[in-house]
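Shown next, in structure tokens, is the structure this report addresses.
The values are calculated or read from the model by the stated rules, or taken from the named source; none is laboratory data. Because the structure is a prediction, the values reported are computed rather than measured. Cβ placement follows ideal geometry from the backbone for every residue including glycine, while neighbour counts extend to all protein chains displayed. When the accessible area is computed, the model is the full protein with side chains, heavy atoms only, and any ligands, DNA or RNA have been set aside. Shrake-Rupley method; radii C 1.70, N 1.55, O 1.52, S 1.80 Å.
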Amino acid sequence: MKQIVIVGGGAAGFFCAANLDEKKYRVTILEQNSDVLQKVKISGGGRCNVTHACFDPRELVQFYPRGNKELRSVFSKFQPGDMMEWLEERKVSVKVEKDNRVFPESNSSQTIIRSFTEAVAEKNFEVRTQCSVKEIVREEEKYFIKTNSGDYEADFVVYTTGSSPKSLKIIESLGHKTVAAVPSLFTFNIKDDLLKDLAGTSFLNAGTAIPQLKAEESGPMLITHWGLSGPAILKLSAWEAVNLARLNYRFEIEVNFIVQDYDEAHELFQTFRQTNPKKTVGQSKIFDVTNRFWQRILEISQVNISKQIAQLSAKEIEQIITNICRKKFQVNGKSTYKDEFVTAGGVDLKEINFKNMSSKLLPNLYLAGEVLNIDAVTGGFNFQACWSEAWLIAQDLNQLD
């Protein structure tokens, strides 16, 4: 019976093992941490955003800043609907939320973790935790995996380590090229009087732009203690991950809090002013923002909240509209988005055969997950890439003679 060693007990590694044929292979999973599936555990605030209800591979790849071309064929073989079916077959009910994110009905990541660990345990595969791989050497037809707790011999290696510098060095020593890993999903650190003491204030739809990079995104947005977060910001951080690293996370961002252009907002303001001339501007929440945020907009626009709206000067109106539609902020640094650390960078995709996720350079070596230069926006997409890649590897290995 041939031996497979899976290096990395995360999402891709475990899902691959859960789909391997135990009658054909002995399988050992090596995980350097004391627990397996750590990212699965913390995903979605502990609920596990397991995938996204997007079932057309052509649409699905649009959520991947890096890897979108390559993943199209991968998703044509195993996509979110297949993952949902896989879980349902194992008595794990899932639900689709309004924004199309998919979670277990239980609202607990432990449900997903249990389904994977039970599948692997039923196959009598070995899981070694606190087992740190130091080196992988290929000799003749075998791989020798050197760890802090002894050496392992393998006919096949499945490399699903994530993108830590150490794991990338090991794969480089086997001859693979890598793209330097940089953070992908992160929030923007901003100190500005407009945001001060407004942490928790959210916007159903906001427009964001980084003029220097000609980059724009829109979506829900949130003011945090550190600055700005939410999908509108996270999408920008993902698509522009490499460029923002080059800028050392110091740049100007322009925010439109109401996703209406300046002229439209100005017209709305004037219409409201004509029909409510005697109302004070402080009581005239013209746009769909919270009252606290409206008061702050007036404050930084230096407009007296007791002033009747008909008495506002053209300059005051211009200042209000500019601050709500074209507010410029200076970003100075980033913060990790919750604990869901995702990176852009990893093994060069030209060196991977996406029919089965095998290395083009070395026989019997497969790679999946974040070790590859593939990443996605938030919403269950990063996990789906792991599931689909891992499933392809398992299918390929199961079909070998």
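Overview of results
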{"quantity": "Looking only at region 292-334, and only at residues there that are in contact (Cβ under 8 Å) with a residue 40 or more places away in the chain and either in contact with a Pro (Cβ under 8 Å, 6 or more places away or on another chain) or hydroxyl-bearing (Ser, Thr, Tyr) (or both), the one that is surrounded by the most Cβ atoms within 10 Å (Cβ to Cβ)", "calculated": "Lys334"}
{"quantity": "Flag for Lys235 being more than 22 Å from Ile321 (Cα to Cα) and without any contact (Cβ under 8 Å) to a residue 40 or more places away in the chain", "calculated": "no"}
{"quantity": "Test: residue in region 40-54 that is closer than 30 Å to Asp155 by Cβ, open to solvent by less than 10 Å² (accessible area, probe 1.4 Å) and in contact (Cβ under 8 Å) with a residue 24 or more places away in the chain", "calculated": "yes"}
{"quantity": "Number of the condition not met by Val255 [criteria: (1) within 19 Å of Asp193 (Cβ to Cβ); (2) open to solvent by 10 Å² or more (accessible area, probe 1.4 Å)]", "calculated": "(2)"}
{"quantity": "Residue count, region 267-289 (criterion: closer than 19 Å to Ala206 by Cα and touching a strand residue (DSSP E or B) at 6+ places or on another chain (Cβ under 8 Å))", "calculated": "2"}
{"quantity": "Boolean, Glu264 is in contact with a strand residue (DSSP E or B) (Cβ under 6 Å, 6 or more places away or on another chain), within 30 Å of Ala215 (Cβ to Cβ) and among the acidic types (Asp, Glu)", "calculated": "no"}
{"quantity": "Lone qualifier among Ala376, Ala344, Ala314 - being out of contact with any helix residue (DSSP H, G or I) (no Cβ under 8 Å at 6 or more places or on another chain) and not charged (D, E, K, R)", "calculated": "Ala314"}
{"quantity": "Residue in region 95-107 that is touching a residue at least 24 places away in the same chain (Cβ under 8 Å), under 19 Å from Gln395 (Cβ atoms) and not hydrophobic (A, V, I, L, M, F, W, C) present", "calculated": "no"}
{"quantity": "Residue check, Ile4 open to solvent by less than 10 Å² (accessible area, probe 1.4 Å), modelled with pLDDT of 95 or more and over 20 Å from Ser163 (Cα atoms)", "calculated": "yes"}
{"quantity": "Any chance Arg72 is in contact with a Pro (Cβ under 7 Å, 6 or more places away or on another chain) and not aromatic (Phe, Trp, Tyr)", "calculated": "yes"}
{"quantity": "Region 282-291, residues that are polar (S, T, N, Q) and open to solvent by 10 Å² or more (accessible area, probe 1.4 Å)", "calculated": "Gln283, Thr290, Asn291"}
{"quantity": "Region 128-164, subset touching a residue at least 40 places away in the same chain (Cβ under 8 Å) and on the phi > 0 side of the Ramachandran plot, residue surrounded by the most Cβ atoms within 10 Å (Cβ to Cβ)", "calculated": "Gly162"}
{"quantity": "Elements of type strands (runs of 3 or more DSSP E) in region 118-196, at least 2 residues being of a type in the set (Gly, Ala, Ser), closer than 27 Å to Ala344 by Cα and under 30 Å from the mean Cα position of the chain (by Cα)", "calculated": "178-183"}
{"quantity": "Residue that is least open to solvent (accessible area, probe 1.4 Å), among those in region 202-218 that are more than 15 Å from Ile258 (Cβ to Cβ) and out of contact with any Leu (no Cβ under 9 Å at 6 or more places or on another chain)", "calculated": "Pro211"}
{"quantity": "Lone unmet requirement of (1) farther than 30 Å from Arg128 by Cα; (2) open to solvent by less than 60 Å² (accessible area, probe 1.4 Å); (3) within 18 Å of the chain's Cα centre (by Cα) for Ser73", "calculated": "(3)"}
{"quantity": "Hey, Ala199 closer than 20 Å to Val259 by Cα, of a type in the set (A, V, I, L, M, F, W, C) and surrounded by fewer than 21 Cβ atoms within 10 Å (Cβ to Cβ) or not", "calculated": "no"}
{"quantity": "Region 335-389: number of residues that are at pLDDT 95 or above, open to solvent by 10 Å² or more (accessible area, probe 1.4 Å) and among the acidic types (Asp, Glu)", "calculated": "3"}
{"quantity": "Test: residue in region 48-68 that is in contact with a Ser or Thr (Cβ under 6 Å, 6 or more places away or on another chain), modelled with pLDDT of 95 or more, aliphatic (A, V, I, L, M) and closer than 29 Å to Arg128 by Cα", "calculated": "no"}
{"quantity": "Residue list for region 258-279, filter: polar (S, T, N, Q) and surrounded by 15 or more Cβ atoms within 10 Å (Cβ to Cβ)", "calculated": "Gln260, Asn276"}
{"quantity": "Count - residues of region 39-79 that are among the polar types (S, T, N, Q), within 21 Å of Met357 (Cα to Cα) and in a loop (DSSP other than H, G, I, E, B)", "calculated": "1"}
{"quantity": "Counted residues, region 219-244 - those being closer than 28 Å to Ala180 by Cα, open to solvent by 30 Å² or more (accessible area, probe 1.4 Å) and of a type outside the set (D, E, K, R)", "calculated": "5"}
